[in-house]
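The values are calculated or read from the model by the stated rules, or taken from the named source; none is laboratory data. Keep in mind that this is a model prediction, so the values were computed, not measured. Using ideal geometry, Cβ is built from the backbone for each residue, glycine included, and neighbour counts are taken over all protein chains shown. Accessible surface areas use protein heavy atoms only, side chains included; no ligands, DNA or RNA. Shrake-Rupley method; radii C 1.70, N 1.55, O 1.52, S 1.80 Å.
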Amino acid sequence: MPRALVTGVTGQDGSYLAELLLAKGYEVIGMVRRTSHHSYERIEHLLDRIEIVAADLLDQHSLTVVLQDTRPDEVYNLAAQSYVPTSWNQPVLTGEFTALGVTRILEAIRLVHPTTRFYQASSSEMFGKVNETPQRETTPFYPRSPYGVAKVYGHWITVNYRESYGIYAVSGILFNHESPRRGIEFVTRKVTDAVARIKLGRAKELRLGNLDAERDWGFAGDYVDAMWRMLQQPTPQDYVVGTGQTHSVRQLVELAFSHVGLDWRRHVVTDPKYFRPAEVDLLLADPSKACRELGWEPKVGFGELVAMMVDADLERLSAPGRQVPAAVHHEGTKSPPNSSGAE
Ligand code: GDP
């Protein structure tokens, strides 16, 4: 039975990846940071089938011990401070988790169990102020936030450990990927949650930032399959993963409101608080290498994804007897959320 260690297992991608690996017959070990409260809601249904170990990307020793104790065949590093606006408020901490954390895991692998295959969750935010469109594996990076800068470091240290030590280490450059499990602070989920609240008469308006930003949005469930495929290749390589289609935040909003028969113009207000100090205007993937070499393709299109997310939020908010806390949004760069979970 192959064994996989997943950092960031409590996050959106961690939960989908754990499901996929269990279905493939893996023994799954999920790494979590010790906190006074647990945030296991995305993996509650898996807790009897996965092992949870406590360690921290900030603590080298804890990682070394986890590698020694578990000796996994594969390590998926999905943990990070993953929210762009927070990275302006906590740039050093973002660097510790999202950049140096990668080196710490790679060091543990190198010293304890160098035959482990390693997946690094890299991000289209590395392309930032894009040098070419669409973006592919060879497109130069130009990150536009401390988060993007930290991810560039994580990418290159992964490449470097592959080239320096022959470790099977790959960097998956994934474009934005969403789902009903997406954190509420990201724009897709913020929109679908607000649409559901407005539809149910519990809210009236939705305050957003830049409606002109364009993203290549796919479904997280499809993307974890690409991660797994990257670790099954004869030679380790880096891949861009996205849909090859881009949509603006405005289109997202239009689609989400019209899905429940509402006119977005009557509810959406733009608020300068949600604009960023530096913006990534347009992201569009060229996933042809992943499609060709991994046999991967996205299955859920944008319209289906938005409908799925709105429907899930409607269902969640209408469930009888469920306590529904008021949505708390932290998108502005002024008041950071305590967000050091994983994407
Ligand atoms: P990101 O691409 O990783 O930063 O993912 P996000 O979902 O946080 O943001 C995607 C885009 O939506 C960015 O260009 C934001 O500027 C834009 N956007 C516009 N309004 C909002 C908002 O209220 N919240 C968030 N999170 N993003 C917004």
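Couple of notes before you dig in:
- Amide proton proximity set for H177, modelled H, under 5 Å, gap of 5+: G218
- The label point for Q233 and the one for E107, both projected 7 Å from the Cα toward the Cβ, are 2.8 nm apart.
- Amide hydrogen neighbours beyond the local backbone of S123, cut-off 5 Å, H modeled: L174
- Positive-end extreme of charge dipole, the chain - chosen from Y26, Q232, A121 (charges on Cβ): A121
- Candidate cross-link partners of K199 among the aspartates and glutamates, defined by an alpha-carbon separation under 20 Å and a same-chain spacing of 8 or more, comprise E185, E254, D263, E304, D311, D313, E315.
- Projected area, mean over directions - region 113-202, Cα convex hull, nm²: 8.1
- Placing a label point 7 Å from the Cα of N160 along the Cα-to-Cβ direction, the residues of region 86-109 whose backbone N falls under 14 Å of that point are 99-107.
- Share of alpha-carbon pairs per 5 Å distance bin for region 159-310, given as whole %: 2, 9, 17, 18, 16, 13, 10, 7, 5, 2, 1, 0
- Distance (nanometres) between label positions extended 7 Å along Cα→Cβ at N131 and S318: 5.0
- Built amide H within the under 5 Å cut-off of R207, gap 5+: V269
- Full extension of the chain segment joining Q251 with D59 gains 64.9 nm, where the gain is 0.36 nm per residue of separation less the Cα-Cα distance.
- Counted by Cβ distance under 10 Å from E74, the other residues give a net charge of +1, where Lys and Arg count +1 and Asp and Glu count -1.
- The helix-only estimate of mean residue ellipticity at 222 nm for the chain, built from DSSP H runs of length n ≥ 4 each weighted as -39500 (n - 2.57), is -11000 deg cm²/dmol after division by the residue total.
- Average projection area in nm² (convex hull over Cα atoms of region 252-313, one quarter of hull surface): 6.5
- For the chain, the longest site-free run once trypsin sites (Lys or Arg not before Pro) in DSSP loop states with at most 13 other Cβ atoms within 10 Å are removed: 50-201
- In order along region 178-191, the Karplus-derived 3J(HN,Hα) couplings, from 6.51 cos²θ - 1.76 cosθ + 1.60 at θ = phi - 60°, round to 10, 4, x, 8, 4, x, 5, 7, 6, 5, 4, 6, 4, 5 Hz, and Gly and Pro are given as x.
- Largest to smallest principal axis extent of the C-alpha atoms in region 19-88, angstrom: 41, 28, 23
- Protein heavy-atom accessible surface, 1.4 Å probe, per residue over the chain: 42 Å².
- Listed values for region 205-222 are Karplus-derived 3J(HN,Hα) couplings in whole Hz (6.51 cos²θ - 1.76 cosθ + 1.60, θ = phi - 60°), namely 10, 10, 9, 10, x, 6, 7, 8, 4, 10, 9, 9, 9, x, 9, 4, x, 6, and x replaces Gly and Pro.
- Alpha-carbon gyration tensor eigenvalues x 5, square-rooted, for the chain, Å: 32, 22, 19
- By the Stokes-Einstein formula, at 1.567 mPa s and 4 °C, region 164-218 with its Kirkwood radius over alpha-carbon pairs has D equal to 93 µm²/s.
- Antiparallel bridges, percent of DSSP beta bridges restricted to the chain (to nearest 5): 10
- When each of K190/K289; K151/K299; K273/K299; K151/K289 is checked by Cα-Cα distance, pairs over 24 Å: K190/K289; K151/K299; K273/K299
- Rounded to whole Hz, the Karplus (6.51, -1.76, 1.60) HN-Hα couplings of region 27-40, x for glycine and proline: 8, 10, 10, x, 9, 10, 8, 6, 9, 6, 10, 9, 10, 9
- The residue among V269, T243, T133 whose Cα reaches farthest toward the positive pole of the charge dipole of the chain, with charges on the beta-carbon of Lys, Arg, Asp and Glu, is V269.
- More than 25 Å apart - percent of Cα-Cα pairs taken over region 149-249: 37
- Counted by Cβ distance under 14 Å from A18, the other residues give a net charge of -4, where Lys and Arg count +1 and Asp and Glu count -1.
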